[in-house]
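The values are calculated or read from the model by the stated rules, or taken from the named source; none is laboratory data. This one's a predicted model, so the numbers in the text were calculated from it and none came from an experiment. Methodologically, a virtual Cβ is constructed for each residue, glycine included, from the backbone with ideal geometry; neighbour enumeration extends over all protein chains shown.
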């Protein structure tokens with residue numbers, strides 16, 4: 001039975017899923033609607049085709065399921081003499097109603113053995129392989145970056161943010177501060193000016209890191225303002241240091257329920273506040 005589920009827009013820009021073709025994308029979306037609150041579906045291809053595609057009798061469900069398994073979008077396993085399909089990232093992206101019925105299918109075992117399908121072909125449940133792939137998310141970026149003088153250079157590490165404002169000019173009458181409602185809102189944890197603006201190479205590096213993070217959590221690519229705010233949240237750290245903190249926070253599940261890019265500058269600001277970046281890394 002199909003259920004009402006939330007399909008995030010990030011599925012449209014997932015390159016690995018798009019490479020499998022439109023039929024695989026459609027089946028993957030229907031599996032989300034067939035899954036119970038734990039992301040599990042009984043592994044019965046004919047039953048899946050009958051419920052998800054009642055008007056398409058020739059829909060190649062079994063072939064497409066194997067493609068989804070190869071890319072680790074789903075995992076097929078056997079537990080308690082029951083064949084089950086599970087969507088590994090279901091709980092991270094799907095809000096479930098509190099009164100939805102509990103799952104009646106057995107959970108995925110820690111170690112899945114090789115089993116044989118009804119047609120005699122060996123079907124391997126790549127449980128550990130998919131777990132390792134999800135644990136080691138591909139947030140790595142190419143280390144060398146081009147510079148304007150030619151050759152290859154590393155990221156600048158001497159970028160600093162002024163902590164104290166310069167003293168007022170002598171002999172001038174102090175001006176009254178404008179009302180709070182007229183003050184310009186801060187760009188990030190602190191105001192951004194010409195002296196603290198990042199170099200183009202660092203902004204490009206940080207943008208690549210955020211784009212790859214967005215693919216993992218189902219978010220659209222960030223705009224220029226978000227990239228600048230994330231850089232400012234580093235409080236003088238270079239893009240490579242910010243990237244490493246983002247990786248650590250991702251592996252700790254800090255971005256699992258993220259709904260907006262504005263959440264990242266807040267978390268980074270807490271990490272880098274009072275030179276405490278070492279506590280986050």
Wholly within region 1-108, helices (runs of 4 or more DSSP H) carrying at least 3 residues that are buried (at least 18 other Cβ atoms within 10 Å of the Cβ):
22-34, 45-52, 61-70
In region 252-270, how many are assigned to a helix (DSSP H, G or I) and in contact with a helix residue (DSSP H, G or I) (Cβ under 7 Å, 6 or more places away or on another chain)?
5
Qualifying residue in region 205-224 (condition: in contact with a strand residue (DSSP E or B) (Cβ under 9 Å, 6 or more places away or on another chain), buried (at least 16 other Cβ atoms within 10 Å of the Cβ) and at pLDDT 85 or above)
yes
In region 67-86, what residues are closer than 17 Å to residue 26 by Cα and out of contact with any strand residue (DSSP E or B) (no Cβ under 8 Å at 6 or more places or on another chain)?
67, 68, 70, 71, 72, 73
